[in-house]
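In what follows, a structure is listed as structure tokens, so that the remarks can point back to it.
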Amino acid sequence: MDQLLDEDRLKRFSGTVWGYKQGEMVSLLIQIGDRLGLYKAMQDAGPLTAAGLADKTGLKERWLLEWLRGQAAARLLDSNDGEHFELSAEGAAVLSDEQGSLAFAAGAFSGGTPPDTVDKIIAAFSTGIGLSYEELGPNAAHRTERMLGPWTRQEFVPNIIPALAGVEDKLKNGATAADVGCGGGVALIAMACAYPDSTFHGYDPSAHAITRCQQKVDELGLENVVLHIAGGESLPTTPTYDFLITFDCIHDMTHPAEVIASIRKAVKPEGTWLIKDIRSHPDFKENLRNPFLAMFYGFSVSACMSSALSAPDGAGLGTLGFNPAVAREMVNAAGFNRFTEHDFNDPSNLYYEVQP
Ligand SMILES: C[S@@+](CC[C@H](N)C(=O)[O-])C[C@H]1O[C@@H](n2cnc3c(N)ncnc32)[C@H](O)[C@@H]1O
């Protein structure tokens, strides 16, 4: 090596890199805690020893002690002595309360990227061709749903739909709607339950996603949902829908312009299309203000851009690619005239209310 090393900078750089390794290990411990129901067992339980947690869960004390100390070291559990451990109210909101907390995040840790998928992503750097969500397998659909689900379940029907011009009344009175790129169907099912007089069509090219969606429809006995294993390119070519949504999926599509053109044909003249997509900026330097930007690029290489490049002529927008400027331009190019940006206090996404 010709360059002289600056020892302080070397230490800092090394610390940054090992910090990411530590993040990987803590992520694994979060996944274990989530899957074993440890956070749920600790919620509102006050300080617990490993023996106390073993009594509550039927799991082995020695394994629990190592997990508990690891969680305390990661500052996710409170402990002064390494023997008694407590999940704070904030900890419970982020790690345990999946149904009631907008801050719930533990679902995002359910399964990393399997080794064979990593091999395929590495190969994609040579071939240029990425993996579709179908090729990513059922676990990807499940993880996406658990990561994006809490916000959608808690905010979409109560707070977002009522803020859109005229949409709630139409849905209450019996409308036809579509969720394009519905994934596991959290938004679709929330709407179908809330508006029984309307019919909801879910489109997704991933059979894993549609299977998951169908299971929930069957469990709930919903009769107002129709599912299609098909992309947004296959929407009806005549005005059919009063309301369409695309949630966190335009940037994953190989041919987003084609899907947007299909949506333009499928929406009724007075209909509404609601887009939810990642909060990002055309300028990389602006995006650097996002403290989680590196994670978003990780999502992009492992899933979003990979999916968007899963055909040889894929557009490859990726996680940060459908920013407000791109959205406005593509939507206008397809012949939509009205474009309203909403924030809805969502830390990760922006919303665009679009009409012909
Ligand atoms: C990040 S997931 C979002 C799923 C769901 N909308 C949600 O919010 O949970 C992206 C979804 O887009 C789907 N997708 C990819 N290309 C598509 C296309 N051309 N048409 C419709 N959906 C597509 C993927 O299969 C995947 O289920």
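Any read-out appearing in this document is the output of simple, stated calculations on the displayed coordinates, not a laboratory observation. Predicted model, so just to flag it, every value in this text is computed and none were measured. Positions of Cβ are backbone-derived with ideal geometry, glycine not excepted, and every protein chain shown enters the neighbour counts.
In degrees between 0 and 90, to the nearest 10, how far off the longest principal axis of the chain does helix 256-266 point, with axes built from Cα atoms? For helix 256-266, the angle is close to 50 degrees.
Listed values for segment 279-294 are Karplus-derived 3J(HN,Hα) couplings in whole Hz (6.51 cos²θ - 1.76 cosθ + 1.60, θ = phi - 60°), namely 5, 8, 10, x, 9, 4, 5, 5, 5, 5, 5, 6, x, 10, 4, 4, and x replaces Gly and Pro. Only helices enter the 222 nm calculation for the chain: every DSSP H run of n ≥ 4 contributes -39,500 (n - 2.57), and dividing by all residues gives -13500 deg cm²/dmol, rounded to 500.
The long axis of helix 324-333 is offset from the longest Cα principal axis of the chain by roughly 20 degrees. Relative to the longest principal axis of the Cα atoms of the chain, the long axis of helix 7-35 makes an angle of roughly 70 degrees. Ignoring lysines fewer than eight residues from Lys285 along the same chain, the ones with Cα atoms less than 23 angstrom from its Cα are Lys276. Per-residue Karplus couplings for segment 54-65, computed as 6.51 cos²θ - 1.76 cosθ + 1.60 with θ equal to phi - 60°, are listed in order as 5, 4, 5, 10, x, 9, 7, 4, 4, 5, 5, 4 Hz, Gly and Pro entered as x.
Placing dummy labels 7 Å off each Cα toward the beta-carbon, the span from Lys265 to Gln22 is 5.5 nm.
When only the Cβ of Lys, Arg, Asp and Glu is charged (+1, +1, -1, -1), the dipole of the chain relative to its Cα centre reaches about 140 debye.
The calculated FRET efficiency for the pair His228 and His281, based on their C-beta separation and a Förster distance of 22 Å, comes to about 0.05. Scanning residues 5 or more positions from His342 or on other chains, those with amide H under 5 Å from its amide H are Tyr351, Tyr352, Glu353, with H placed 1.01 Å from N in the peptide plane.
For Ile122 and Ala207, a Förster radius of 25 Å and the Cβ-Cβ distance give a FRET efficiency of 0.50, rounded to the nearest 0.05. Entry note, the chain: relative contact order of 12 percent, from Cα contacts under 8 Å with a spacing of 6+ residues. Other residues lying with their Cβ under 13 Å from the Cβ of Gln43 contribute a combined charge of -4, Lys and Arg counting +1, Asp and Glu -1. Exposed loop sites here mean GluC sites (Glu not before Pro) with a DSSP loop assignment and at most 16 other beta-carbon atoms within 10 Å; the chain contains its longest site-free run at 84-222. When the trypsin sites (Lys or Arg not before Pro) in segment 251-356 are filtered for DSSP coil states and for at most 13 other beta-carbon atoms within 10 Å of their beta-carbon, the remaining sites are Arg289.
Counted by Cβ distance under 12 Å from His201, the other residues give a net charge of -3, where Lys and Arg count +1 and Asp and Glu count -1. Simple spin-label estimate for Trp63 and Asp343 gives 4.6 nm between the two label positions (7 Å along the Cα-to-Cβ direction from each Cα).
Taking amide hydrogens as placed 1.01 Å from N in the peptide plane, the amide H of Thr113 sits under 5 Å from that of no residue at least 5 positions away in sequence or on another chain.
Past the 26 Å Cα-Cα mark, which pairs from Lys170/Lys265; Lys40/Lys120; Lys172/Lys268; Lys21/Lys120; Lys172/Lys216; Lys216/Lys265?
Beyond 26 Å: Lys40/Lys120; Lys216/Lys265.
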